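The values are calculated or read from the model by the stated rules, or taken from the named source; none is laboratory data. Because the structure is predicted, anything quoted here is derived from the model rather than measured. All Cβ positions, even for glycine, are placed from backbone atoms using ideal geometry, and neighbour counts span all protein chains on display.
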Amino acid sequence: MTDLRYLPDEDDVTAFSATVTEATAEYVLLDGTYFYPEGGGQPADRGTLSWDGGRADVTDVRKDHGEIRHGIERLEGEPPAEGTTVEGRIDGSRRDRLRRMHTAQHVVSRIVLDRDGAGTAGNQVGPERSRIDFEPASFDASDLEAIEERANDVIGRDLAVEKENRSRETVEATVDEGRALLDLIPASVDPLRVVEIEGFDMCPCGGTHVSRLGEIGRIEIVDRHSKGEDVERIEFELREP
Ligand SMILES: [Zn+2]
């Protein structure tokens, strides 16, 4: 089992050392990693692994039966032997964008839940653009303007973002309906990592997040589509703080 070291609250670490447990010319497994593996509507981190006598680009990171598989390309030298110490370097600007995007998604999801009573049915964050599907919802231009304005007001309050593990029982008792798809998280996952925006929102989430809302910058809603009778998709981008 690879130790997912960014959890619960080291989302800012982008350089680390770890020990190889298995490696081929296609992938590397480590005893622990700070690379984010694709999942939960967030793409994987990218970066590099280097070791005495070799290096490789990390282009794909996935969970695989409890292991985190670092897919590699442009391998130089031989794959590292089991027990080798490697230095991991995560592409920090991409990680930063994804952190800002993912916390922005939580802000918008909360606002729409409170304002329109619509839950988040799905989401996909990306380094350039992100999207959220709301259900049941139907928005017009004035709704989008109001949601964007409220989101930027909340960001302007620079609220703290806490990340910590809580027992599943506690999370089930305290999370608002529409802010968690708990049925999709296997019952064996306990405790759950939660992301709480001070006095504003709490939900279980394993994604990477900023520490204060002010880091997000400004949200701009750039598009919307109907995705079926009751589902509305909002797309947004971020402008620099
Ligand atoms: Zn999330």
Would you confirm whether or not the stretch 171-193 contains a residue that is of a type in the set (Asp, Glu) and modelled with pLDDT of 95 or more? no
Quick one: residue 218 ticks every box in (1) farther than 15 Å from residue 104 by Cβ; (2) more than 16 Å from the ligand (Cβ to nearest atom) except a single one, so which number is it? (1)
Report, by residue number, each residue of the stretch 186-214 that is out of contact with any strand residue (DSSP E or B) (no Cβ under 7 Å at 6 or more places or on another chain), within 16 Å of the ligand (Cβ to nearest atom) and more than 12 Å from residue 162 (Cα to Cα). 189
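With 153, 158, 176 as the choices, which residue is of a type in the set (Asp, Glu), assigned to a loop (DSSP other than H, G, I, E, B) and either more than 16 Å from the ligand (Cβ to nearest atom) or surrounded by 20 or more Cβ atoms within 10 Å (Cβ to Cβ) (or both)?
Working: 153 fails: assigned to a loop (DSSP other than H, G, I, E, B); 176 fails: either more than 16 Å from the ligand (Cβ to nearest atom) or surrounded by 20 or more Cβ atoms within 10 Å (Cβ to Cβ) (or both).
Result: 158 is the single residue among 153, 158, 176 that is of a type in the set (Asp, Glu), assigned to a loop (DSSP other than H, G, I, E, B) and either more than 16 Å from the ligand (Cβ to nearest atom) or surrounded by 20 or more Cβ atoms within 10 Å (Cβ to Cβ) (or both).
What do you reckon, is residue 55 assigned to a strand (DSSP E or B), farther than 27 Å from residue 205 by Cβ and either within 16 Å of the ligand (Cβ to nearest atom) or of a type in the set (Lys, Arg) (or both)?
Numbers: assigned to a strand (DSSP E or B): yes; farther than 27 Å from residue 205 by Cβ: yes; either within 16 Å of the ligand (Cβ to nearest atom) or of a type in the set (Lys, Arg) (or both): yes.
Considered against the rule, which asks whether it is assigned to a strand (DSSP E or B), farther than 27 Å from residue 205 by Cβ and either within 16 Å of the ligand (Cβ to nearest atom) or of a type in the set (Lys, Arg) (or both), residue 55 comes out as yes.
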If residue 232 passes every condition in (1) more than 15 Å from the ligand (Cβ to nearest atom); (2) within 23 Å of residue 121 (Cα to Cα); (3) surrounded by fewer than 20 Cβ atoms within 10 Å (Cβ to Cβ) but one, which one does it miss? (3)
